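Working notes for the structure below.
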Amino acid sequence: MKTSRKRDAADHNPASPLRLMLLTHSYWPEHSPPQRRWSSLTREFMKAGWAVDVVAPVAHYPNGRRNLPRREAGFAFSHQPGPFKETIRRVPYLRHLGTSPLARFADQLFSAVMSVPVGLGGKKPDAILATAPSLPTLATGYVLSRLRRVPLIVEMRDAWPDLARDARLVQGSVKSVAERAVEFVQQRADLVVTVTEGFAETLRNRGIKNVVTVSNGLDLNAMPFLDAPPAERDVFHALYLGNHGKSQRLDILIRAAALLGEGFHLTLVGHGTSRPQLVKLARELDAPVTFFPSLQGQAVVDKYREADTCIVSLRDDWKSFETTVPSKTYEVLAIGRHVTAIVKGEAKRIVQEAGGGDVVPANAEAVAELWRELSKDRARLASGTSGREWVKANADYAQLAIRYMDAISALVRPEERAAV
């Protein structure tokens, strides 16, 4: 941004509010990465006088079934007011059990198809924004943007299609249908938004010209800053909060805890496709590990308060993760806990720039050695305010939303181009 004065969303473009249609596979009242990101951004957009129409399935994420009361989860093919007076237009979902990738994809594909007639209803938007990695949502965005004749904004929250090849969802030298479909939509979008500068540069190198970065972040005012862990403690506590999938390689943490044994404890909070195997591994190794389901609100803060260090982790053998930053990175930095960062590339740079902790290689011996050193020199766990200051300057949604609105306004109404 070209101005040094921090603006509030309420005074952004007051004479030129826009109407945005958001296509997403998960939204309020669910608890998920897209929900957290877009609830925060929507609040700021609405505060600035914009209108936001959210097209999303009846709330059922992540386990494939509706656990909320019908009135709260929403009714298919109807609309309900959101928490910030945005309009949520609900589409049906495909009920499934478990969290297998195939079941989720089938569910997302079904809801994406059903989103087309729903997205044709209501007032015509000034732009349509489709947020991935729900890949079918990108196709829906493309179809609706052509039918309604408005610009298409594609938000890539992961490094697709690169991630598909790293994860061996795609093999061989010939591009898959999924890769070609993602690239087709990216190349025809009027604007592509990434959450990291590294992936934005990757897309520019592929010839995609209109690319901007609006990183993940958090609501800093809603995030407390915790006192440092106690200077003396009998047991060293490490905490991981987040997805338990192939991308995180959490088996490394369990093996590290097993190497350390007595005097150390690892807590894993969350869900994911790898969780059953992780529970089995911890049992086989007799590792000092406790598993918890996903938590929200004060329960999360309580877990942070108990921890000596908090882990952000991405496997190191997927090239796409050099331009990926786990969203929990910002949360741990803001809350003031030491970070055990098993990351590379842009995420590594952020942790080091923020002075929030230690970056360690993705192997159990290295992680165990770091935790052993920290338990002996607990002064290193007092990470100070540098991490929170970095988040305030770079990843507070109040400011990220203004950057987003500037980019959308410049696309829709170039004659009123703001300083981006």
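The values are calculated or read from the model by the stated rules, or taken from the named source; none is laboratory data. A quick note: this is a predicted structure, and the numbers were derived from the prediction, not measured. Cβ: placed from backbone, ideal geometry, glycine included. Neighbour counts: every protein chain shown. Ligands, DNA and RNA are stripped out before the accessible areas are found, and what is left, the full protein with its side chains, is counted by its heavy atoms. Shrake-Rupley method; radii C 1.70, N 1.55, O 1.52, S 1.80 Å.
Computed from point charges on the beta carbon alone (+1 for Lys and Arg, -1 for Asp and Glu), the dipole magnitude for the chain about its Cα centre is near 1520 Debye.
Sequence gap at least 6, Cα distance under 8 Å: using those rules, report the relative contact order of region 289-420 to the nearest whole percent. Worked out over region 289-420, it gives 19 percent. The amide H of Leu129, built 1.01 Å from its N in the peptide plane, has Met21, Leu22, Leu23, Ile153 as neighbours under 5 Å, considering only residues 5 or more places off or on other chains. The residues of region 328-405 present an accessible area of 35 Å² per residue when probed at 1.4 Å with all protein chains retained.
Taking a 29 Å limit on the Cα-Cα distance, which of the listed pairs Lys319/Lys376; Lys303/Lys348; Lys348/Lys392 fall beyond it?
On the way: Lys319/Lys376 34 Å; Lys303/Lys348 24 Å; Lys348/Lys392 18 Å.
From the list (Lys319/Lys376; Lys303/Lys348; Lys348/Lys392), the Cα-Cα distance tops 29 Å for Lys319/Lys376.
Report in % the part of the accessible area of region 193-277 that belongs to carbon and sulfur, leaving out ligands and nucleic acids; probe 1.4 Å. Could you put the intermediate results ahead of the total?
Details: 1800 of 3820 Å².
Here carbon and sulfur together make up 47 percent of the probe-accessible area.
Exposed loop sites here are GluC sites (Glu not before Pro) assigned a DSSP state other than H, G, I, E or B and surrounded by at most 16 other beta carbons within 10 Å; excluding them, the longest clear run of the chain is 1-231.
For region 349-401, the Cα-based Rg and Dmax, in that order, read 14.0, 42 Å. In terms of the Cα gyration tensor, with a ≥ b ≥ c the square roots of its eigenvalues, is region 50-138 rounded because a/c is under 1.5, prolate because a/b exceeds b/c, or oblate? Here region 50-138 falls in the oblate category. Sorting the Cα pairs of region 194-341 by distance into bins of 10 Å, from 0 upward, gives 10, 35, 33, 16, 5, 1 percent per bin.
Restricting attention to region 292-401, which chymotrypsin sites (Phe, Trp or Tyr not before Pro) occupy a DSSP loop and are surrounded by at most 13 other Cβ atoms within 10 Å? List each step's numbers first, then the result.
On the way: sites: Tyr304, Trp318, Phe321, Tyr330, Trp371, Trp390, Tyr397; in loops: Trp318.
For chymotrypsin sites (Phe, Trp or Tyr not before Pro) across region 292-401 that sit outside H, G, I, E and B with at most 13 neighbouring Cβ atoms in 10 Å, the list is empty.
A simple rule links phi to the HN-Hα coupling: the Karplus curve 6.51 cos²θ - 1.76 cosθ + 1.60 with θ = phi - 60°, which for region 381-391 gives 7, 7, 7, x, 9, 4, x, 5, 5, 5, 4 Hz, with x for Gly and Pro.
Taking the alpha-carbon distance from Lys124 and a cut-off under 12 Å, which aspartates and glutamates remain once sequence neighbours fewer than 8 residues away in the same chain are dropped? Cross-link targets: Asp53. Carbon-plus-sulfur accessible fraction, region 316-420 (probe radius 1.4 Å, protein heavy atoms only): 47%.
Let's test the formula: R0 of 22 Å, r as the Cβ-Cβ distance of Arg233 and Ala362. What FRET efficiency results, to the nearest 0.05? Intermediate results must be reported in sequence, preceding the final value.
Working: r = 27 Å, r/R0 = 1.21.
With a Förster radius of 22 Å, E is 0.25.
Across the options Gly122, Pro230, Leu23, the greatest Cα extent toward the positive end of the charge dipole of the chain (unit charges at beta carbon of Lys, Arg, Asp, Glu) belongs to Gly122.
Highest mean first, the peptides 270-279, 130-139 sorted by other C-beta atoms within 10 Å per residue fall in the order 130-139, 270-279. The phi torsions of region 268-282, fed into the Karplus equation with coefficients 6.51, -1.76 and 1.60 and a -60° offset, translate into couplings of 10, 10, x, 9, x, 5, 8, 4, x, 5, 5, 4, 5, 5, 4 Hz, rounded to whole numbers, with Gly and Pro shown as x.
Of all DSSP beta bridges confined to the chain, the antiparallel ones make up roughly 5%.
If I take R0 = 25 Å and measure r between the Cβ atoms of Gln352 and Glu201 in this structure, what FRET efficiency does the formula 1/(1 + (r/R0)^6) give, to the nearest 0.05?
On the way: r = 19 Å, r/R0 = 0.78.
Calculated transfer efficiency: 0.80.
Among Leu333, Leu129, Leu374, the residue with the largest mean-square fluctuation in a Gaussian network model of the chain, with springs joining Cα atoms closer than 10 Å, is Leu374.
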